[in-house]
Amino acid sequence: MQDFDKKNKFGRRDALSIISVALSIVAGGALIMLLVSLFLMDNVAIEQSRKDSGFETVEDYSCQEIEDDDAPIGVRKEYTFSINKMLDNDTHLAFYTVHQYVDVYLDEQKIYSLQPSEENWICKTVGSNWTMIPLYREDAGKEIRIEITPVYESFRDREIDFLIGSPFAIYRDRLYKDLPQLILGIMAVFVGGVFICVAGYNLFRRHRGKSLVYLGIFSVVMGLWRLTDTRFTPFIFPDKPVFLFYASIAMLMLGMVPLIKWIERRFNRESYRILDGYCIGVSLICLVQLLLQFSGVLDLRDTLFVTHIVIAIGAVATIGSLIYERIKYPKQSEQLVGKKLPFICVVGVMADITAFYLKGNSSGLLFSLLAFLLYIVSMGIATMFHYGEQEMQLAEKDRQLAEKERKLTERRIATMMSQIRTHFIFNVLTVISGYCKYDPQKADDTLILFSRYLRRNIKIIEEEGLIDFSKELEQLEDYIALEQLRFPDRITFEKDIEEINFQIPPLTIQPLVENAIKHGLIEHDRSGTVWLCTRKKEDNAVVTITDDGAGFIPEECENEDSVGIRNVRFRLENMVHGSLMIESNYGKGTKITIRIPIS
């Protein structure tokens, strides 16, 4: 499976893709505003004067259509039947309406009304509702008249089943019929939530996983679409039927966008741009539909056929892109599941749309949800496995990189150590050579001191790890003794040591003292003092090396002649996470401060 989260191989993300995402966000925000408005306001005004009790069953009615200029489509229907005289228990009259106003009369006395509430200025429908009216034993023999006023022409001839019985029995029967759809819807929401969480984790930790977010959002949207489109759901939210209806349509309107954004990442440039253009078109159409809804011109239910056409176009665009990619790029291989399942999804969508127009409603239509679940679960699991493989590959690359960096650092440190050793030995031999010409006895004394120095410290010089500061101090004192033999009465060394319980890289202090003597005093034919001081400040050992020599301009300490300083700084930073700071006043002296974490 290819990496959907790698950087766009076409370079900077296309403007079309950015526009499609932006418009989708705007359209989604507008839909959320609509749903929030519908949820917060009273959807319908219900008047009921009967209390709930008992159950029994009977059905028998007559129906007639009556012209009514005040009705949304100019007609209303009247259903009339008498209650069975054998009614021995209190019971309920129940029936299910879709986008229809309801008035119920018992012996010409209105006992129930279902109309849009005064707050509901956004839409004219009352959604899909269950009307549940208590009937008492004393109602036996009375006549019931039910006026049903359809809001849309498509619901003019919709058949209505009137049930008289226990509310619990009606709930149970409806739950049994809608259970497959409810289970699949909950599964889709759950799977989508898991994918979103996994993608969020990957985005936070590895800055990748955006494509899985699209797949998770699509899964949640599909699940909510089917959950809000069952006859059982109004029992759960009896006072929010309009919210449920528009939530279902909203999920359907923008459901294709996250799916296309997920699919398009497997395509090449031409198809990628076409699908981005489709997402832009979907978002613009959605915004136009919402504008018509809020302005009261056309309800979302009136423009539902447009949504279905948009979905069909998306299905055609996806299949067309798959076929085009297969023909133009036959050598580009992908897993079989990635090639075949989009066709299954398209077949499922087309089957549901066809069944909707043949049946007149979408209740119980599961073809598309089953196909989408198969696709979502298969691709989501494959993607998460792919992320797992990437994690292992990245971990191995990190390990290899760390090993290479370690070896490189060791080689650089070893090279610098050899430079420091050569530099130090050369200077000491120069001192001995000078004494051989003018004072053989001092040359002999110096050679003995140098031999002792080498014998005692050769092991330290060869070490690549850290050494105790006390050993570094012993080495420094021998070096100072050698320099004082060469330049008597010109070099004074003073020390103020309070902290010695820390470690440093070998040959850290000596090159700095050597620079102070050579460049601060000897080269300028000056006499002076070098001070060495150690202190403990918080969790750091602080070492200062101060001289009263000629000083220098700080920027010049990094020139090619100061190899020792550059090497010391590098080893401090890479071996002990330490630091080195130089302060110098030209003509007055120099101060070097070293900070080393004691831990």
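All of the numbers you see were taken from the coordinates with simple rules; none came from a lab. Everything numeric here is computed off the predicted structure, so don't read it as measured data. We place every Cβ from the backbone using ideal geometry, glycine too, and count neighbours over all the protein chains shown.
Using a 10 Å cut-off on Cβ atoms, rank the peptides 63-70, 293-300 from the highest mean neighbour count down.
With the highest mean Cβ count within 10 Å placed first, the list reads 293-300, 63-70.
Want the number for I313 to L374: 0.36 nm per residue separation, take away the alpha-carbon distance, what's left?
Result: 19.8 nm gained on full extension.
Taking amide H positions as placed 1.01 Å from N in the peptide plane, with prolines and chain starts having none, which residues 5 or more places from S579, or on another chain, fall under 5 Å of its amide H?
Hits under the 5 Å cutoff: R595.
With 25 Å as the limit, write out which pairs from K471/K591; K210/K240; K77/K177; K177/K240; K437/K591 have Cα-Cα distances beyond it, or answer none.
Table pairs above 25 Å Cα-Cα are K210/K240; K77/K177; K437/K591.
Taking amide H positions as placed 1.01 Å from N in the peptide plane, with prolines and chain starts having none, which residues 5 or more places from L507, or on another chain, fall under 5 Å of its amide H?
none
Could you tell me which GluC sites (Glu not before Pro) in the stretch 480-543 are loop residues by DSSP with no more than 13 other beta carbons within 10 angstrom of their beta carbon?
Sparse-neighbourhood loop GluC sites (Glu not before Pro): E498, E538.
Starting from the Cα gyration tensor of the stretch 179-283, take the square roots of the eigenvalues, sort them a ≥ b ≥ c, and report rounded, prolate or oblate (rounded when a/c is under 1.5, otherwise prolate if a/b is larger than b/c, else oblate).
It is oblate, given that a/c is not under 1.5 and a/b is not larger than b/c.
Residue farthest toward the positive end of the dipole of the stretch 184-298, with Cβ of Lys/Arg at +1 and Asp/Glu at -1: which of I285, A250, G185?
Projecting each Cα onto the dipole axis, the largest value belongs to G185.
Using θ = phi - 60° and the Karplus form 6.51 cos²θ - 1.76 cosθ + 1.60, what ³J(HN,Hα) does each residue of the stretch 581-589 get, whole Hz, x for Gly and Pro?
10, 10, 10, 9, 10, 4, x, 10, x
Magnitude of the Cβ-charge dipole of the stretch 194-296, K/R +1 and D/E -1, about the Cα centre, nearest 20 debye?
In debye, rounded to 20, the stretch 194-296 gives about 520.
With +1 on each Lys and Arg Cβ and -1 on each Asp and Glu Cβ, how big is the dipole of the stretch 112-164 about its Cα centre, in debye rounded to the nearest 20?
My answer is approximately 20 debye.
Considering amide H positions built from the backbone, and no H for Pro or chain starts, which residues 5 or more places from I164, or on another chain, come under 5 Å of its amide H?
V58, A94
Take each of the peptides 541-550, 26-35, average the number of other beta-carbon atoms within 10 Å over its residues, and list them starting from the highest.
541-550, 26-35
Please state the charge dipole magnitude for the stretch 469-596, taken about the Cα centre, from unit charges on C-beta atoms (+1 on K and R, -1 on D and E), reported in debye and rounded to the nearest 20.
Roughly 180 debye for the stretch 469-596.
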